[in-house]
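**Q** Once you've had a glance at the structure underneath, I'll fire off some questions.
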């Protein structure tokens, strides 16, 4: 087998793995969009905030430490304990649920029935607020996140591929974990939405508010639930990205990569988010591998948006999105 | 006064019980417009109670007051012997008051089965965590409720469209699905807002039959708004007549038919 084909296969696999991480972020968008029609610009910041909170709790950092020190002249930084990873994740999940409640109570509760563009603007405001709030609470340093996930070369794949092709593929263990987690998450979310009472209620609210009220569904409860779910997905994405790249404020920018993913997969489809993520991940890696050298490289920065643009022209509802039919 | 003890049996053998709901001096305003003015009436267990009146008489407003979509400025709603505080519509629904809408409010993207299942939310008590983990009780509950829903689907003869997305159904069937969803809640009071509006004669006959059958089979207390006078007179045990937000008549179809105020305001000059 020629070398370029073998390299291409490795690039393809790595593209799939990268795509899973994009899909994780896109999932959070789809959840909120499906249930409330809000395009949540803050989803990326939500992931950042979750990762920051997780690191802060694990390290036993004093929240608002800088602020407290500045006001009271104290020198508080750490409580002096460390919280085990699993407990810290559970606590962070609780914080995300609390955040969901507060966000719904203070912002979206008051915007019921407003135009989508107004809700969208509100989420932009929320994104900037959360970024600042995360900074004030936990500080702006780049942090290392280690919840005990395996990282680095997977020796088994390396060995198998070496025996097959005479060349060992580099596949990161973390990416493999992310793939498994994403698969579990998607199956769980789809099952929840399709076959449980609350999932059904969630779809009902997305479909028709009046009808949902008339069968006894509390809109507020469903919205808090949906924002909590989105917060939980953000936490998972935050853990994966944070472990990979360190917890830093540029994490919120990965949300931008989720946009082309959504345009491919459709804003309303959970499986679409996954497939869209994979296509973007594989597409940009393969494009860089095949075409990149010819045009001077750095195609990964724009390839995803190009592809999204093509989709917007030919299939605006995405691969799996609901077809928009306007009755005349 | 509420007299839950009182009751009687109709000519066709249905049991009418005591008062289950009482509207007392209800007044509803939108800004300066008075939609309902000082109306009182009661609803008895097991009866079919119609509210009729010309366009803009306030019939739908009255239904919205009962179902909690509007809260009246004055007056009291008594339900099962207790004064009802101002409530959100979903709380009213959880108390066992189910409704349909004049313009049909179904979950268009969901299948008929899923639509009817949402009606069971009141009966399903397991919490979010149990639902999410899908363990034991939640599963048993889902199965039990599914069985109840299938019974209603059979009863309303919509088995053949169980898996069809609602958006693909014709108007008449949508109305029937909406009725099924309301019935799935096993309501103490079933509110029907113009259940036969926009239907052809055949569909109207079907719907009338279903309303009567439901009442007969499950003893469901039914309050309905209807334009078609013939239908109302055939279906209902008692009729409230509204005009310009006021009550101008209340009684059996025969009593209402011979009430001069009603004839003047609504029926016009009798043709026969």
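The values are calculated or read from the model by the stated rules, or taken from the named source; none is laboratory data. Because the structure is predicted, anything quoted here is derived from the model rather than measured. As a convention, Cβ positions derive from the backbone with ideal geometry for all residues, glycine included, and neighbour counts pool all protein chains shown.
**Q** Step by step: first the residues of the range A:254-265, then only those that are more than 21 Å from residue A:135 (Cβ to Cβ) and surrounded by fewer than 24 Cβ atoms within 10 Å (Cβ to Cβ), then the one that is modelled with the highest pLDDT. Which residue is that?
**A** A:259
**Q** Given (1) within 28 Å of residue B:94 (Cα to Cα); (2) touching a residue at least 40 places away in the same chain (Cβ under 8 Å), where does residue B:207 come up short, assuming only one miss?
**A** (2)
**Q** Return the residues of the range A:192-206 that are facing chain B (nearest Cβ under 7 Å) and either under 21 Å from the mean Cα position of the chain (by Cα) or closer than 12 Å to residue B:111 by Cα (or both); say none if nothing qualifies.
**A** Residues satisfying the conditions are A:192, A:200, A:203, A:204.
So that you can scan it fast, the table gives a plain yes or no per residue for (1) farther than 29 Å from residue B:261 by Cα; (2) more than 14 Å from chain A (Cβ to nearest Cβ); (3) crowded, with 16+ Cβ neighbours inside 10 Å:
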| position | (1), (2), (3) |
| --- | --- |
| B:10 | no, yes, no |
| B:22 | no, yes, yes |
| B:29 | no, yes, no |
| B:33 | no, yes, no |
| B:56 | no, yes, no |
| B:60 | no, no, yes |
| B:69 | yes, no, yes |
| B:95 | yes, no, yes |
| B:100 | yes, no, yes |
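**Q** Separate question: Checking residue A:231 against (1) in contact (Cβ under 8 Å) with a residue 60 or more places away in the chain; (2) surrounded by fewer than 21 Cβ atoms within 10 Å (Cβ to Cβ); (3) within 26 Å of residue A:110 (Cβ to Cβ), only one condition comes out false. Which one?
**A** Of (1) in contact (Cβ under 8 Å) with a residue 60 or more places away in the chain; (2) surrounded by fewer than 21 Cβ atoms within 10 Å (Cβ to Cβ); (3) within 26 Å of residue A:110 (Cβ to Cβ), only one is false for residue A:231: (2).
**Q** I would also like to ask the following. Take the conditions within 12 Å of another protein chain (Cβ to nearest Cβ), closer than 25 Å to residue A:278 by Cβ and in contact (Cβ under 8 Å) with a residue 24 or more places away in the chain and apply them to residue A:174. Does it pass?
**A** In short, no.
**Q** Continuing with this model, one more query. So in the range B:228-252, with the set limited to residues that are free of Cβ contacts under 8 Å to residues at least 40 places away in the same chain and either out of contact with any helix residue (DSSP H, G or I) (no Cβ under 6 Å at 6 or more places or on another chain) or in a helix (DSSP H, G or I) (or both), which one is surrounded by the most Cβ atoms within 10 Å (Cβ to Cβ)?
**A** Across the range B:228-252, the extreme among qualifying residues is B:231.
**Q** When both residues are 6+ apart or on different chains and their Cβ atoms are under 6 Å apart, which pairs have a first residue that lies in the range B:1-16 and is farther than 21 Å from residue B:78 by Cβ, and a second that is in a loop (DSSP other than H, G, I, E, B) and modelled with pLDDT of 75 or more?
**A** As it stands, the answer is B:15/B:46, since those pairs meet every condition given.
**Q** Still on this structure: Go through the range B:153-169 and report how many residues are part of a loop (DSSP other than H, G, I, E, B) and within 20 Å of residue B:211 (Cβ to Cβ).
**A** 4
**Q** Is it the case, given these coordinates, that residue B:151 is farther than 25 Å from residue B:226 by Cβ, more than 14 Å from chain A (Cβ to nearest Cβ) and under 17 Å from the mean Cα position of the chain (by Cα)?
**A** The answer is no for residue B:151.
**Q** Go through the residues of the range B:75-91 one by one and say whether even a single one is under 20 Å from residue A:212 (Cα atoms) and either touching a strand residue (DSSP E or B) at 6+ places or on another chain (Cβ under 8 Å) or more than 14 Å from every other protein chain (Cβ to nearest Cβ) (or both).
**A** Within the range B:75-91, one or more residues are under 20 Å from residue A:212 (Cα atoms) and either touching a strand residue (DSSP E or B) at 6+ places or on another chain (Cβ under 8 Å) or more than 14 Å from every other protein chain (Cβ to nearest Cβ) (or both).
**Q** A follow-up question, please. Of everything in the range B:257-267, what is surrounded by 19 or more Cβ atoms within 10 Å (Cβ to Cβ) and either without any contact (Cβ under 8 Å) to a residue 40 or more places away in the chain or under 21 Å from residue B:14 (Cα atoms) (or both)? Give them in sequence order.
**A** B:259, B:262
**Q** Still on this structure: Any idea how many residues of the range A:219-253 are within 8 Å of chain B (Cβ to nearest Cβ) and either under 14 Å from the mean Cα position of the chain (by Cα) or modelled with pLDDT of 90 or more (or both)?
**A** So the answer is 1.
**Q** Return the residues of the range A:207-217 that are within 7 Å of another protein chain (Cβ to nearest Cβ) and closer than 18 Å to residue A:33 by Cα; say none if nothing qualifies.
**A** Once the filter is applied, which keeps residues that are within 7 Å of another protein chain (Cβ to nearest Cβ) and closer than 18 Å to residue A:33 by Cα, the range A:207-217 yields A:207, A:208.
**Q** Taking the range A:173-206, which residues are surrounded by fewer than 19 Cβ atoms within 10 Å (Cβ to Cβ) and over 30 Å from residue A:147 (Cα atoms)?
**A** A:194, A:195
**Q** When you scan the range A:311-318, do you find a residue that is modelled with pLDDT under 90, within 17 Å of residue A:34 (Cβ to Cβ) and part of a loop (DSSP other than H, G, I, E, B), even just one?
**A** Within the range A:311-318, one or more residues are modelled with pLDDT under 90, within 17 Å of residue A:34 (Cβ to Cβ) and part of a loop (DSSP other than H, G, I, E, B).
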